[in-house]
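First the structure, in the form of structure tokens, and then the observations on it.
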Amino acid sequence: MNIFGLYTKGAVERTIAKLNRDNKLFQSIFKFYGKDTPFSKLDNPQAQLTEGYIGNSTVYSIFNRVISMSSNAKLKLWEKQPDGTRKEVTDHPLLKLVEKPNPYTTQREYTAGWLIYYMGIGNVFQYKLAPKNGINKGIPQQIYMMPSYDVEIMSSGNWMAPIGGYRVNMTEEDFEFEEVQHDKMFNPLYADENEVYGLSPIRVAANKINKSNEADLSESRAFANQGPPYIVSKKGNEGFSDTQKRNLAGDYNKRKGGKNSGLPWFTGLNDIQVTMLGISPADLQTIESSKQTLRDLCNMWGFPVDLMNDPDGSTYNNKKEARKAAWTDCVVPKLDTQAEGLTQFLINQSPIYMDSNLFYAYDYSEVPELQEDFSEKVTWMTQAKWTPNEIREATGKEKIDNELMDQPYFAFSDVPLNQLSEDLTAGPNEEDQKGIDNYK
């Protein structure tokens, strides 16, 4: 038994406990919350997903493109080596756990759910199923995506460790703090909104999304009504008689519901006038407005509008550059956030794995749009005289156990440095010193 290790761990825990007691920030924010009190939400996440994602084709399309592109990256398990490099782990229960999170969900479906919640409402709640007793105590066996729009964070009643657990409202089921992983976007209004919930991107984009929804609704109504609404009336001060009104209504309804629906209609009455009550979609410029909204929403999520069939809003020279920007500015940061959360949840919080130097990270070496960067990187490292093994490690590949792979290569047919040195210092041999007279 490592007594010194136990002493050190105990000292660290006591130090952390003292720091928590001295945490004036937490005391000022959380001291008024009682035990088992839910932290209040200023948002309605379910409405945001209903109206801002499911009810908005533009937002849905952006999310769907991100999800589709993300499938080209592969989540892997790695082990950090003493020299700071990493080595891929190809056979481990933790790897199988993310490859098949639970009997009902595939890895791709699980990642899609994580991205939708994170990009949509800024909060992702995941449930870890682990035995509470026995030899596998605390070891995660399955993970589930919780209905993140319906999860409430419960107060512990202790401002030093304010989060006591979680609750799913629809079932009123409570979950312990250790059973749930909460990934969130930073909320700059944490003092007013209790810090515990992340900032919802759909909330930030609410005005743009509402405008987009209203534009779609206006176009739909215009098509259904065959134009903007209008009133048919008689010129002058005299109105239509009751008989004339019935004739107008009957003629209009007959023609609108018949084969000539949408064609101009006429009556035998003279001196009538048509008063338009609305503006046509063309006059409202809904199409141009929708294009601008698309660009604004793409900017919101860092996704190039070039990939959303809007060449007029293009800011890149070609689709290849746009797809590369989509990866570097949008897809990669989100997937890296997910991998960090899974490392914290499944490894760092599990007693059997927390000291194992294992971690999750995505491998992007198979992403076509990022291979040009790898090529440029390898060229630069080669010119800088990195060893082949250093280059392999820097590009996510395993080292080759050969001493020649640990030496830099130079000119003269790219021979190892030690052979090059021998050639330069050996001096001329007997054959080199022969003159022409020796061959007569």
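The values are calculated or read from the model by the stated rules, or taken from the named source; none is laboratory data. Owing to the predicted nature of the structure, the values given are computational and were not obtained by experimental measurement. Cβ sites come from the backbone with ideal geometry, for glycine too, and all protein chains shown count toward neighbours.
Answer yes if at least one residue in the range 212-222 is crowded, with 17+ Cβ neighbours inside 10 Å, modelled with pLDDT of 90 or more and touching a helix residue (DSSP H, G or I) at 6+ places or on another chain (Cβ under 8 Å), and no otherwise.
Scanning the range 212-222 turns up no residue that is crowded, with 17+ Cβ neighbours inside 10 Å, modelled with pLDDT of 90 or more and touching a helix residue (DSSP H, G or I) at 6+ places or on another chain (Cβ under 8 Å).
In the range 80-129, how many are among the charged types (D, E, K, R), in a helix (DSSP H, G or I) and within 14 Å of Y360 (Cα to Cα)?
Within the range 80-129, residues that are among the charged types (D, E, K, R), in a helix (DSSP H, G or I) and within 14 Å of Y360 (Cα to Cα) number 2.
Conditions: (1) outside the structural domain of S40 (by TED's automatic domain parsing); (2) surrounded by 14 or more Cβ atoms within 10 Å (Cβ to Cβ); (3) not small (G, A, S). N102 meets all but one. Number of the miss?
(1)
I'd like to know if the range 361-378 contains one or more residues that are of a type in the set (F, W, Y) and touching a strand residue (DSSP E or B) at 6+ places or on another chain (Cβ under 6 Å).
yes
Restricting the search to the range 340-369, which residues are free of Cβ contacts under 8 Å to residues at least 60 places away in the same chain and surrounded by fewer than 19 Cβ atoms within 10 Å (Cβ to Cβ)?
E340, N348, M354, D355, S365
What residue, of T343, T293, is farther than 27 Å from K87 by Cβ and either modelled with pLDDT of 80 or more or touching a strand residue (DSSP E or B) at 6+ places or on another chain (Cβ under 8 Å) (or both)?
The unique qualifying residue is T293.
How many of the residues making up the range 381-417 are surrounded by 11 or more Cβ atoms within 10 Å (Cβ to Cβ) and at pLDDT 65 or above?
25
Which one of these does Q273 not meet: (1) at pLDDT below 90; (2) in contact with a helix residue (DSSP H, G or I) (Cβ under 7 Å, 6 or more places away or on another chain); (3) not acidic (D, E)?
With (1) at pLDDT below 90; (2) in contact with a helix residue (DSSP H, G or I) (Cβ under 7 Å, 6 or more places away or on another chain); (3) not acidic (D, E) applied to Q273, the lone miss is (2).
So which of D174, D192 ends up being out of contact with any Pro (no Cβ under 7 Å at 6 or more places or on another chain) and modelled with pLDDT of 90 or more? Show your work before the answer.
Values: D192 fails: modelled with pLDDT of 90 or more.
Result: D174 is the single residue among D174, D192 that is out of contact with any Pro (no Cβ under 7 Å at 6 or more places or on another chain) and modelled with pLDDT of 90 or more.
Evaluate the following for M119: is it more than 25 Å from L358 (Cα to Cα), crowded, with 17+ Cβ neighbours inside 10 Å, hydrophobic (A, V, I, L, M, F, W, C) and touching a residue at least 24 places away in the same chain (Cβ under 8 Å)?
yes
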